[in-house]
Amino acid sequence: MIGRLRSPALPAALALTLLCQRAEGQAFDRSQPPTLGPAPALSLPPIVERTLPNGLRVIVVRQTELPLVDLALVVRSGSEADPAGQAGMASLMASLLTDGAGSRSADAIAEQQAYLGVRLSSSASFDRTVVSLHAPTAVLDSALAIFADVALRPTFPNAEFDRAKQQRLTALLQTADRGPAVADRAFNTIVYGDAHPYGRPTAGVERSVETITRDAVAAFHGQQFRPDNAFLLVVGDVDVATISERLSRTFGQWRASGPAPSVAAASRIPDAAARRIYLVDKPGAAQSSFRIGGVGVPRSTDDYYALQVLNTVLGGAFTSRLNNNLRETNGYTYGAGSSFAMRREAGPFVARAEIVAAKSDSALLEFMKELAAIRERVPDDELAKAKQYLQLGLPSSFETTQDISAALSALALYGIPLTQPEEEVARIAAVTAEDVQRVARRYLDPARMAIVIVGDAAAIEASLRATGIAPVERRDIYGRPIIVPQ
């Protein structure tokens, strides 16, 4: 178990309720779920900020419950910064950071992690690249030396680059045989167009990865990894003054050269077209992969909390409408849900499920019914349930040092006050049924949603057309129109 906040999570609150009932001699009514108590207040440990002489912002959260520390170097560049024609550059670069750095080989880095009992990782998403370290405080100096090498001095050995590139190409070939992965990729391309960063997969596609060279990866790292394009978050059993001095030793000599990178202006997002079914053929598929939605909102939206409540009602929880309808009532799927991907720019809203092929037409009708119904006023009891679900689940998102690091790094990335989590219980409570209806009608228009279905076209196309929901158009596995030779 890693260092926890002291606010009780839902399971602990329920256990306490049941123990109290038992102590008082009350009989359990097993036909009803336990009555939930009020949402616990969330109080974060003190947050202290420092700036190193080279301009690197450092955020320190002291959490002394266990002798552990988590560090995350967050670089404000991810797949959005991939060079033209080289989609997959950021994620390939991130995958190579622990495969040789400073004077250490990949094997040496792995051996030293095992010897010290630390964990290093690196990854890239659309708008960030993160290098993370989880370590006991007793070995922090040694762990920081490896961490700094991996983040600042990767060597990108030719043999490791060739291996990673071949693995990426193999994985992309395998993706073409997985309906859910094809549906995700096709949906994003259809909604955003492949000229927009959000319309391209972060892993790239075969033709773009083929063009990436080892020298291009090294140059990309040099351009994007710089102290004025990053911040460092530290959470754990550390003294602010001591960790600041240690970080000055390991990161203080890091210098930027040349002009600071800027987020490239993304191409214009295509206007949402009238509703259409985009069918990607996967012959013989036993299930159909559904992705329905369009462009959503950025993380900076003022409607953040109203949208969180809306999505919880619609598809953000096991008891939400989509899952209750498609799984519990009709048995079309093992699970259905929805989400808003909130990024620097407006990420996608998507409702999704893997549907038994024979019920593709019936499931489509139910999907569209729920997407229309959410635009009407949510009943008070359903609203209260969704708000309580969010409020009672909040402490579990801040239980460990890693949880705190992940949550605060996202806030820092988007310029949101780091104390905002302490306000969330009240902000969720303030959301009204009118707020939910307003944002549903503003952001969710079923008449202009893209409906992407990956499945056996020979078995499902005719029945999908017969629903009358929308015209059907064939697309390839990349979401591109299929050109029929004349």
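General observations
- Loop sites in segment 122-189: chymotrypsin sites (Phe, Trp or Tyr not before Pro), DSSP, at most 14 other Cβ within 10 Å: none
- Net charge over other residues, Cβ less than 12 angstrom from the Cβ of Asn158 (K, R count +1; D, E count -1): -1
- Within the shell defined by Cβ-Cβ distances under 15 Å, the residues around Ala145 carry a net charge of 0, with Lys and Arg each +1 and Asp and Glu each -1.
- Contact order for segment 320-368, expressed relative to its length and based on alpha carbon pairs under 8 Å spaced 6+ residues apart, stands at 32 percent.
- Sulfur and carbon atoms: percent of accessible area, segment 362-447 [1.4 Å]: 51 percent
- Between segment 296-336 and segment 190-209, the Cα center-to-center distance that results, in Å: 26 Å
- Relative contact order %, the chain, counting alpha carbon pairs below 8 Å whose residues are six or more apart: 22 percent
- Note that segment 134-249 presents 38 Å² accessible area per residue, ligands and nucleic acids not counted, probe 1.4 Å.
- Distance histogram for segment 119-213 (every C-alpha pair counted, 10 angstrom bins, percent rounded to whole numbers): 13, 33, 30, 18, 5, 0
- For segment 334-349, Karplus couplings with θ = phi - 60° (6.51, -1.76, 1.60), whole Hz, Gly/Pro x: 7, x, 9, x, 8, 7, 10, 8, 9, 10, 4, 9, 6, x, x, 9
- Each of the GluC sites (Glu not before Pro) that DSSP puts in a loop and that has at most 12 other Cβ atoms within 10 Å breaks the chain; the longest unbroken stretch is 25-375.
- Computed label-point distance, nm, for sites Ala341 and Ser257 using a 7 Å Cα→Cβ extension: 3.5 nm
- Descending Cα extents along the principal axes, the chain, whole Å: 78, 67, 36
- Cα gyration tensor, segment 268-370 - rounded (a/c under 1.5), prolate or oblate: oblate
- R0 of 41 Å, Cβ-Cβ distance Asp107-Glu422: FRET efficiency to nearest 0.05: 0.40
- Average accessible surface for segment 42-126: 40 Å² per residue, computed with a 1.4 Å probe over protein heavy atoms with every protein chain in place.
- Rounded to 5, percent antiparallel among DSSP beta bridges of the chain: 75 percent
- Based on C-alpha pairs under 8 angstrom that are at least 6 apart in sequence, segment 119-265 has a relative contact order of 22 percent.
- Evaluated with a Cβ-only charge set (Lys, Arg +1; Asp, Glu -1), the chain carries a dipole of roughly 660 debye about its Cα centre, given to the nearest 20.
- Protein heavy-atom accessible surface, 1.4 Å probe, per residue over segment 322-449: 42 Å².
- Portion, in percent, of the accessible area of segment 25-168 that falls on carbon or sulfur, probe 1.4 Å: 51 percent
- 222 nm mean residue ellipticity, helices alone, for the chain (DSSP H n ≥ 4; -39,500 (n - 2.57); rounded to 500): -11500 deg cm²/dmol
The values are calculated or read from the model by the stated rules, or taken from the named source; none is laboratory data. Owing to the predicted nature of the structure, the values given are computational and were not obtained by experimental measurement. Ideal geometry is used to build each Cβ from the backbone, glycine not excepted, and the neighbour counts take in all protein chains shown. Accessible surface areas use protein heavy atoms only, side chains included; no ligands, DNA or RNA. Shrake-Rupley method; radii C 1.70, N 1.55, O 1.52, S 1.80 Å.
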